[in-house]
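Some notes on the structure that comes next.
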Amino acid sequence: MSNLKEMLVRNVEALYPRIDQPYRYDSKAGEKGGSVPCDSKAAGAEYTINFKMDKATAKELFTEMVTVYEKERAENPECKNWPPFTENPFKKNDDGTFTHKSGIDASWDKPPAQIDAATNSLPTGFKLTTGSIVNLHVQLYPYSGGMGNGVKLRLFGVQVIDYKEYEKPSLFGVEKGFVNNTEPNSASVDNIFDTATESVNEDVAEEVVEEPKVKVSKKKKAEKPADVDLASLLDEFDD
């Protein structure tokens, strides 16, 4: 692969970061499956982070992804039959933001670097939290094959700009019954309940954003790859 590019994706919101140690997907974890800690050599072990970005950031990132992919398709003889990059891989949210994912196989020599706003290295095993604002150092890696085509965002590093303090999840929900009207929301909970909540994973409601797949049409006779109209692909970001 000759056309690789590294870039910073700035001021995005971290969602369900899994970069303090390797994780893999386990279909038996919870009711719907989920990520579980594992050894770096385990099958499927990786470091991942989902992230939310505003429209301007999404447009810039998507432009770079299309450019890298199309350059590889045009310049690499082995990629001349790749289909064009025609679909936006980001998930669009109701508030106009976009969500995507970055990660890297745990088989790499070292995990993604984690640093603070002053570029000081954070301790090994530092647990980034959902809601923190970060910069991402990623490598754009174009691909095409049986699983589809697109551009992976290999995660090389994370800079924590605004850290959101961890909040222990609770098993309690709103119930019909006694309400303390004297001091609303100030009742303390005995320490016995702390033990019960320790085993609750902070990401019970985790939304898994899968690596987007773009369907590859069945091959016909070899034809000259179609040109990509980048301007039309960017229309979605100008709504």
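The values are calculated or read from the model by the stated rules, or taken from the named source; none is laboratory data. Note that the structure is a prediction, hence the values are computed from the model and not measured. Glycine gets a Cβ as well: all are built from the backbone with ideal geometry, and neighbour counts include every protein chain shown. Note: accessible area is taken over every heavy atom of the protein model, side chains too, but ligands, DNA and RNA are not part of it. Shrake-Rupley method; radii C 1.70, N 1.55, O 1.52, S 1.80 Å.
Note down all Cβ pairs under 6 Å where the first residue falls in region 141-152 and is closer than 13 Å to LYS71 by Cα, the second is open to solvent by less than 30 Å² (accessible area, probe 1.4 Å) and charged (D, E, K, R), and they're at least six residues apart or on different chains.
Hits for this filter: PRO142/GLU72.
Being open to solvent by 50 Å² or more (accessible area, probe 1.4 Å) and in contact with a strand residue (DSSP E or B) (Cβ under 8 Å, 6 or more places away or on another chain) is the filter; apply it to region 1-13 and report the residue that is farthest from GLY125 (Cα to Cα).
Only one residue tops the list, namely MET1.
Here is a yes/no grid of residues against (1) closer than 21 Å to THR57 by Cβ; (2) modelled with pLDDT of 95 or more; (3) in contact with a helix residue (DSSP H, G or I) (Cβ under 7 Å, 6 or more places away or on another chain):
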| site | (1), (2), (3) |
| --- | --- |
| GLU87 | yes, no, no |
| HIS100 | yes, yes, no |
| LYS110 | no, no, no |
| GLN114 | yes, yes, no |
| ALA118 | no, yes, no |
| GLY125 | no, no, no |
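Identify all residues within region 129-150 that are within 13 Å of the chain's Cα centre (by Cα), of a type in the set (A, V, I, L, M, F, W, C) and more than 11 Å from GLU13 (Cα to Cα); write none if there are none.
The one that is within 13 Å of the chain's Cα centre (by Cα), of a type in the set (A, V, I, L, M, F, W, C) and more than 11 Å from GLU13 (Cα to Cα): VAL138.
Restricting the first residue to region 160-178 and requiring it to be in contact (Cβ under 8 Å) with a residue 24 or more places away in the chain, which pairs with a second residue that is small (Gly, Ala, Ser) and assigned to a loop (DSSP other than H, G, I, E, B) meet a Cβ separation below 7 Å and a spacing of at least six or different chains?
VAL160/ALA117; VAL160/SER132; ILE161/ALA117; ASP162/SER132; TYR163/SER132; LYS164/GLY131; LYS164/SER132
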